[in-house]
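A short worksheet on the structure shown next.
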Amino acid sequence: MIDAIYDFLGRLGYSHPVHAVLTHVPVGLAIGAFCLAAAALVTKERKFLRSAYHVAVMAFASSFFVALAGIMDWRRFYGGAWLLEIEVKMVLAGLFVVLLLLTLLLGRLQESRPAVMFVFYGLCALNVLGLGFFGGQLVYRGFAPEAPERFRSGRNVFESHCSGCHRRGENIIEPTLPLRSAPQLKNFGDFLAFVRNPRLPDGSIGPMPRFSADRLSDEACRQLYDYLYFAFVTQKRSEGL
Ligand code: HEC
């Protein structure tokens with residue numbers, strides 16, 4: 001049944017996870033409800049609490065579809081494996097539904113205090129941020145291989161400037177030119193020259209952006225290089241594994 005849905009979507013040309021697309025609905029609504037509760041607190045206008053309530057009802061209703069899509073994606077794309085992030089997301093999702101239900105019940109009371117509602121909507125909003133964070137961890141974890149503390153700055157540069165295209169040392173645009181086996185990693189001089197003025201092997205300009213000294217200082221490039229060298233050149237899988 002689940003596979004039939006994905007196969008159908010695939011025939012329409014859509015082969016990605018579904019949860020990621022739908023999840024913005026309850027996330028946006030929960031944060032919207034929190035903003036309205038904050039407005040009620042600041043302006044002392046109760047009408048904002050009513051709006052927050054209605055928005056939260058929509059968040060509650062939509063969360064079931066999104067959770068279902070999450071479970072479907074998990075089974076389809078992760079083979080139903082119990083990864084830590086999945087476990088945390090399941091707990092947070094359950095907590096979100098309970099918390100939101102409680103918030104809605106409180107919100108129905110005429111005398112509910114704006115400060116109390118603000119706290120409850122705040123907890124719901126924090127919860128969706130947590131769900132988003134662990135969703136991000138699930139997708140992005142491993143884009144930048146772990147490394148000892150001394151490579152932290154270089155790893156940060158890699159994560160923020162390169163790992164989108166070169167996740168795990170690959171190349172998502174030109175798969176035959178992966179970073180992990182790049183000849184430019186042999187020495188820092190070649191690496192720096194390449195990063196400042198990237199070229200395809202035939203010398204023509206390719207899709208990789210140039211990183212001028214204003215964007216990445218020589219110092220940052222050095223740290224980046226040390227990290228890449230550690231992560232992709234020295235950290236080869238040992239023989240026999
Ligand atoms: C927008 C995607 C993109 C980003 C961001 C990017 N690259 Fe690239 N990279 C490419 C592409 C595409 C190539 C192929 C050569 C070209 O386009 O000039 C490449 C090639 C390379 C190569 C040579 C690979 C080989 O096997 O010949 C190195 C080294 C490299 N990139 C390092 C980096 C570093 C370091 C960063 C971050 C500072 C970075 N790239 C950011 C897309 C990207």
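The values are calculated or read from the model by the stated rules, or taken from the named source; none is laboratory data. Keep in mind it's a predicted model, so treat the numbers as computed, not measured. Positions of Cβ are backbone-derived with ideal geometry, glycine not excepted, and every protein chain shown enters the neighbour counts. In case anyone asks, the SASA skips ligands and DNA or RNA and just uses the protein heavy atoms, side chains included. Shrake-Rupley method; radii C 1.70, N 1.55, O 1.52, S 1.80 Å.
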Hz values of 3J(HN,Hα) by residue in the range 180-191 - Karplus curve (6.51, -1.76, 1.60), Gly and Pro given as x:
4, 10, 5, x, 5, 7, 5, 8, 5, x, 5, 4
Per the 1.4 Å probe, what fraction of the accessible area of the range 110-241, in percent, lies on carbon and sulfur atoms?
56 percent
Let me know the charge dipole size of the range 90-241 about its Cα centre in debye, to the nearest 20, where only the beta-carbon of Lys, Arg (+1) and Asp, Glu (-1) is charged.
120 debye
Pop out the ³J(HN,Hα) list for the range 103-120 in order, Karplus 6.51 cos²θ - 1.76 cosθ + 1.60 with θ = phi - 60°, rounded to Hz; leave Gly and Pro as x.
4, 5, 4, 4, x, 6, 6, 4, 8, 4, 7, x, 5, 5, 4, 4, 5, 5
Spin-label point model (7 Å from Cα, Cβ direction): what's the residue 15 to residue 205 distance in nm?
3.2 nm
Selection from 79, 12, 131 lying farthest towards where the dipole of the range 2-140 points positive, charges on Cβ
131
FRET efficiency for residue 91 and residue 149, using Cβ-Cβ distance with R0 set to 22 Å, rounded to 0.05
0.15
Among 140, 229, 121: highest mean-square fluctuation, GNM of the chain, C-alpha pairs under 10 Å
229
So what J values fall out for the range 194-208 if you push phi through Karplus, 6.51 cos²θ - 1.76 cosθ + 1.60 with θ = phi - 60°, rounded to Hz, Gly and Pro as x?
5, 4, 6, 8, x, 9, 6, x, 7, x, 7, 7, x, x, 5
Enter the accessible area per residue of the range 149-234 (Å², integer; probe 1.4 Å; all protein chains in place).
59 Å²
Putting +1 on Lys and Arg Cβ atoms and -1 on Asp and Glu Cβ atoms, find which of 63, 48, 145 reaches farthest to the positive end of the dipole of the chain.
48
Taking the simple approach of a point 7 Å from Cα along Cα-to-Cβ for both residue 45 and residue 78, what is their distance in nm?
4.2 nm
Give the range of the longest stretch in the chain that excludes all trypsin sites (Lys or Arg not before Pro) found in loop regions by DSSP and having at most 14 other beta-carbon atoms within 10 Å.
47-140
